[in-house]
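Below is one structure, written out as structure tokens; the observations come after it.
The values are calculated or read from the model by the stated rules, or taken from the named source; none is laboratory data. Treat the numbers as computed from the prediction; the structure is a model and nothing was measured. Note that we place each Cβ from the backbone using ideal geometry, even for glycine, and neighbour counts take in every protein chain shown.
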Amino acid sequence: MISLTNIVKRYKMGEEEFKALDGVDLEIQRNEYVALIGPSGSGKSTLMNLLGCLDTPSEGKYVLNGRDTSTMNDNDLAKVRNQEIGFIFQSFHLLPRMTVLQNVMQPLVYRGIPKAERVKMASEALDKVGLSHRMGHRPNQLSGGQRQRVAVARALVGKPSILLADEPTGNLDSKTSAEIMSLFDELHQQGQTVIVVTHEPDIAAHCHRTLRVSDGKIVQDSVNEKRVAK
């Protein structure tokens, strides 16, 4: 489903050039549950941006569902992001003046889906995350955990190939973090491919596979036998 071959990402800093990613090779299959872990400056955020088609590599090849994204223009990449990838961010990124239902419907507007169908799809996504009773509320009327559930519903609404979560529990207390990770566990069991970017080992421990990034390289690729055996 995801295939990265010899991915290099360079950035210029003044006169200096540095490699944020340095020859990354990676395969992720459909319905995997993967943690991408590493400290600040390791390259994990750059790798996440490439996986999410928010950026393109300086060198190498990224194939997503049989399509080479490395050579796509900005419009093509935007289409891939809208149709293939569901994003979840640490700070939720909900629109404060819109209701929960309107927030979840938003990605479908860009696809030109008729309103009645948008409402149906968004209602189903909210039901999946246990928030169908909060559809008419606004984000400031919700707890942090509920806001993140809305963000998960918005990511799920377009039925993406990949759910890509960037530090999804970073703004939540430990109890709420555990609830959000349990939701990811459930979504994975239902067949969703989930990639979680984190610097917290206890969050990574929920995933079935952990990729550790350091100095722009994947230095460890391990399987969590306890989780896989469940």
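Looking for whichever is touching a residue at least 12 places away in the same chain (Cβ under 8 Å) and out of contact with any strand residue (DSSP E or B) (no Cβ under 8 Å at 6 or more places or on another chain) here; the options are L211, L183. Which one fits? It would help to see each step written out before you state the result.
Working: L211 fails: out of contact with any strand residue (DSSP E or B) (no Cβ under 8 Å at 6 or more places or on another chain).
Testing whether each residue is touching a residue at least 12 places away in the same chain (Cβ under 8 Å) and out of contact with any strand residue (DSSP E or B) (no Cβ under 8 Å at 6 or more places or on another chain) leaves just L183.
Within the range 163-194, how many residues turn out to be farther than 17 Å from H208 by Cβ and not β-branched (V, I, T)?
Looking only at that region, the number is 11.
Per-residue answers, yes or no, for (1) touching a His at 6+ places or on another chain (Cβ under 6 Å); (2) at positive phi; (3) of a type in the set (V, I, T):
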residue: S40; (1), (2), (3): no, no, no
residue: T56; (1), (2), (3): no, no, yes
residue: G60; (1), (2), (3): no, yes, no
residue: N65; (1), (2), (3): no, yes, no
residue: D68; (1), (2), (3): no, no, no
residue: R81; (1), (2), (3): no, no, no
residue: I85; (1), (2), (3): no, no, yes
residue: M98; (1), (2), (3): no, no, no
residue: L101; (1), (2), (3): no, no, no
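Quick check on my filter: what residues within the range 57-72 are modelled with pLDDT of 90 or more and either among the charged types (D, E, K, R) or out of contact with any Cys (no Cβ under 7 Å at 6 or more places or on another chain) (or both)?
Matches in the range 57-72: P57, S58, E59, G60, K61, Y62, V63, L64, N65, G66, R67, D68.
Testing N6 on (1) over 23 Å from I203 (Cβ atoms); (2) in contact (Cβ under 8 Å) with a residue 60 or more places away in the chain; (3) among the polar types (S, T, N, Q), one condition comes back false. Which one is that?
Every condition holds for N6 apart from (2).
Out of the residues in the range 12-24 meeting the condition of being in contact with a strand residue (DSSP E or B) (Cβ under 6 Å, 6 or more places away or on another chain) and of a type outside the set (A, V, I, L, M, F, W, C), tell me which one is farthest from T210 (Cα to Cα).
E17
Conditions first: (1) crowded, with 17+ Cβ neighbours inside 10 Å; (2) more than 17 Å from A204 (Cβ to Cβ); (3) more than 16 Å from the chain's Cα centre (by Cα). L172 passes all but one, so which condition is the exception?
Condition not satisfied by L172: (2).
Output the residues belonging to the range 122-146 that are out of contact with any helix residue (DSSP H, G or I) (no Cβ under 6 Å at 6 or more places or on another chain) and either of a type in the set (V, I, T) or under 28 Å from A78 (Cβ atoms) (or both).
Within the range 122-146, S123, E124, K128, R138 qualify.
Across the range 93-104, what is the number of residues that are buried (at least 19 other Cβ atoms within 10 Å of the Cβ) and under 27 Å from D55 (Cβ atoms)? Give the derivation first.
First, pick out the residues of the range 93-104 that are buried (at least 19 other Cβ atoms within 10 Å of the Cβ): 94, 100-101, 103-104.
Next cut, under 27 Å from D55 (Cβ atoms) only: 94, 103-104.
Adding up the residues that qualify gives 3.
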